[in-house]
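The values are calculated or read from the model by the stated rules, or taken from the named source; none is laboratory data. Just so it is clear, the structure is predicted and the values come from calculations on it, not from any experiment. So basically every Cβ, Gly included, is an ideal-geometry build from the backbone, and we count neighbours across all protein chains shown.
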Ligand SMILES: O=C(O)C(=O)CO
């Protein structure tokens, strides 16, 4: 189905939308009603419909009512490409979500004090400030490494070996997060800590529970250290989504979505996304919900299914 046909078939609103030259803006003048929440598609979510170019994909998303975008890999793009993306975002009136500022999954980078490793983290955070400014990003993801249990040390073995007690690991994580926050605070930027599940994706990560993320944020006590509550990961780790969101609400700055099992669009698994989104909306959330999941169906048809899934979940 052609993009125009799809817009017509889904009853797209007729708001005029100017982008690019006059001929193409006349042709592409239909734009769907914005969603109630700022769901942010990813690079390649709409590749089959919009082509390889990321700016074309963003235009496609904007035409279909998405008001945000998420690009985990922004840090690795050239400055020229970052500028091009930022310009398109502003022309499309879209907001940019997180990129990954620092992520380690299998080494106890934050949990064990190692000044060389810690310097690498702080350098990554400093580099992220420049990129965030260039791309108008407010939030950046930080994954603070694994627990101290599976290192490469020659002293470590699966039956024992030295392992730092949990309280000291937590104290180290807090100390390094404070140092990261000190870099971000003057720029009004926010690192969002993402708990990850151990059972389907990332066994051994230091941060896995929402209460743990909450305790870290309270201890760091900085406007630059908040929670990224990934609904997919937290469904696997702890379930009880709405009460847990409420319990750590004052430290949550950002959400990500994805259904379980399978990590595909809402409606393909066990999470009642309409009720979860309704709840988040009712609390006045104005931030972004990154669509960090795959498409359950391949091709253009699958991309339309993703759009429809968000329309259904947003119909509260
Ligand atoms: O790696 C993952 O699973 C994440 O959610 C990181 O954002």
Point to revise | Looking only at the stretch 146-175, and only at residues there that are under 27 Å from the mean Cα position of the chain (by Cα) and at pLDDT 95 or above, the one that is nearest to residue 113 (Cα to Cα) | key: 172
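Residues are listed down the side, and each one gets a yes or a no for (1) within 25 Å of residue 34 (Cα to Cα); (2) more than 14 Å from the ligand (Cβ to nearest atom); (3) assigned to a helix (DSSP H, G or I); (4) at pLDDT below 95:
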{"site": "239", "(1), (2), (3), (4)": "no, yes, no, no"}
{"site": "255", "(1), (2), (3), (4)": "yes, no, no, no"}
{"site": "278", "(1), (2), (3), (4)": "yes, yes, yes, no"}
{"site": "285", "(1), (2), (3), (4)": "yes, yes, no, no"}
**Study point:** Search result, residues across the stretch 203-222 that are in contact with a helix residue (DSSP H, G or I) (Cβ under 8 Å, 6 or more places away or on another chain) and outside any helix (DSSP H, G or I)
**Key:** 206, 207, 208, 209, 222
**Study point:** Count of the stretch 167-200 residues which are in contact (Cβ under 8 Å) with a residue 40 or more places away in the chain, surrounded by fewer than 22 Cβ atoms within 10 Å (Cβ to Cβ) and within 16 Å of the ligand (Cβ to nearest atom)
**Key:** 2
**Study point:** Inter-residue pairs, beta-carbon under 6 Å, first part of a helix (DSSP H, G or I) and in the stretch 129-142, second more than 16 Å from the ligand (Cβ to nearest atom), 6+ apart
**Key:** 129/187; 132/189; 134/82; 135/82; 135/86
Check your understanding: Out of curiosity, is residue 95 over 21 Å from the mean Cα position of the chain (by Cα) and either over 30 Å from residue 62 (Cα atoms) or at pLDDT 95 or above (or both)?
Key -> no
Practice item. May I ask you to list pairs of residues, at least six apart or on different chains, whose Cβ atoms are under 8 Å apart, with the first in the stretch 79-106 being closer than 20 Å to residue 34 by Cα and in contact (Cβ under 8 Å) with a residue 12 or more places away in the chain and the second being within 16 Å of the ligand (Cβ to nearest atom) and in a loop (DSSP other than H, G, I, E, B)? Key: 96/71; 96/137; 97/71; 97/137
Review point. Of all residues in the stretch 42-61, which are in contact with a strand residue (DSSP E or B) (Cβ under 9 Å, 6 or more places away or on another chain) and without any contact (Cβ under 8 Å) to a residue 24 or more places away in the chain?
Key: 57
Point to revise | Single match in 270, 292, 303 (criterion: assigned to a loop (DSSP other than H, G, I, E, B), closer than 18 Å to residue 71 by Cα and either in contact with a strand residue (DSSP E or B) (Cβ under 7 Å, 6 or more places away or on another chain) or away from the ligand (no atom under 14 Å from the Cβ) (or both)) | key: 292
Revision key, fill the gap. Condition set touching a residue at least 60 places away in the same chain (Cβ under 8 Å) and closer than 26 Å to residue 266 by Cα, scope the stretch 202-234, selection surrounded by the fewest Cβ atoms within 10 Å (Cβ to Cβ): answer is 202
Check your understanding: Is the stretch 247-266 home to any residue that is out of contact with any strand residue (DSSP E or B) (no Cβ under 6 Å at 6 or more places or on another chain), touching a residue at least 40 places away in the same chain (Cβ under 8 Å) and buried (at least 22 other Cβ atoms within 10 Å of the Cβ)?
Key -> yes
Point to revise | Any hit, the stretch 110-126, residues being part of a loop (DSSP other than H, G, I, E, B), within 16 Å of the ligand (Cβ to nearest atom) and closer than 22 Å to residue 198 by Cα | key: yes
